[in-house]
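Undergrad: Below is one structure. I have some questions about it.
What follows is calculated from the coordinates using simple rules that are stated; it is not laboratory data. Quick caveat: nothing in here was measured; it's all calculated off a predicted structure. Positions of Cβ are backbone-derived with ideal geometry, glycine not excepted, and every protein chain shown enters the neighbour counts.
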Amino acid sequence: MAAAQTAAWRPEFHVYGGRVANTLMADVCSDQTPLHEAALQGRLLLLRRLISQGLAVNISTLDGVTPLHEACAGGHFGCASTLLDHGANANAVTVHGATPLYYACCNGNPALASLILKHGSAHHPAHLLSSPIHAAAKRGHTASLKVLLSHGVNVDLELPGAGTPLYCACEAQRTECVHMLLLNGADVQRGRGLDTPLHAAARVGGAMEVELLLQHGADRACRDSAGRSVVELSAQNSRAWRLLQSTGADSLAQLCRLCIRRSLGRKRLGRTHTLYLPHTLHNYLLYQ
């Protein structure tokens with residue numbers, strides 16, 4: 001009896017679907033381990049001590065959340081780096097499709113996003129559910145967006161119900177992200193089904209976004225799935241409405257720029273310097 005009372009209690013962990021989970025815990029809150037808590041709170045010394053004591057770095061909650069997810073959600077670079085150095089899975093996926101990269105981009109931490117990308121894939125299938133580039137675009141995290149684009153993330157990835165990153169950025173009026181996506185060759189007409197980024201910008205009254213989209217060749221005559229034009233969606237007499245009402249034709253220089261950019265394609269836009277053109281024209285093609 002005494003031996004039973006003094007015996008150390010050991011939690012039992014089992015593997016389900018490739019994940020290590022604590023079977024005594026059932027909900028997302030109570031399923032947190034000390035390793036999860038240390039990672040979320042950025043307690044690096046405690047995290048290292050727990051790892052040295054043998055806690056599995058890839059242990060997950062029943063929702064699939066790992067300590068690395070928590071470190072990225074909290075924006076703790078040191079904790080994330082330590083976990084990765086000890087074998088944490090950079091491509092771990094929660095039941096909602098979220099990866100550590102997704103949480104890093106939600107947090108707007110470009111250094112953390114770069115760290116995760118060194119150990120994981122920028123083209124993970126789970127990103128169709130919880131997309132890092134959409135998270136960065138709609139939150140206005142331009143630095144994280146730049147990191148993702150430099151790693152070849154699909155700039156025109158369209159998600160059901162959410163649309164493309166450009167559509168999300170226009171809807172959230174994230175002007176700098178809209179500008180960055182357009183400069184990196186985002187399709188100005190591709191949004192959410194028949195609803196284009198210009199529709200999204202007009203609907204929320206984003207005059208600066210409307211102006212950028214028009215500069216990159218957006219079609220102001222397009223209609224959404226309900227048959228509405230962009231002018232109909234914008235508030236009357238607003239700056240966005242006046243921009244859309246403008247009927248002036250594009251200049252020949254603008255038409256040539258759009259034609260050349262389309263001919264080059266998104267992947268070759270960064271190689272315009274190889275064209276035998278004056279420096280001024282190079283800058284013009286790149287909207288600089």
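Undergrad: Sort 170-176, 117-123, 239-245 by the packing proxy (mean of other Cβ within 10 Å over each peptide's residues), most packed first.
TA: 170-176, 239-245, 117-123
Undergrad: How far apart, in nm, are the 7 Å Cα→Cβ label points at TYR276 and ALA56?
TA: Going from the TYR276 label point to the ALA56 one covers 6.3 nm.
Undergrad: For a paramagnetic label modelled at 7 Å from the Cα of ARG239 toward its Cβ, which residues of region 191-207 fall within the zone defined by backbone nitrogen distances under 19 Å?
TA: 198-207
Undergrad: Using mean Cβ contacts within 10 Å as the protection proxy, how do 61-72, 213-224 order, highest first?
TA: 61-72, 213-224
Undergrad: Calculate the FRET efficiency for VAL231 and SER263 from the Cβ-Cβ distance with a Förster distance of 25 Å, rounded to the nearest 0.05.
TA: Efficiency, from the Cβ-Cβ distance: 0.25.
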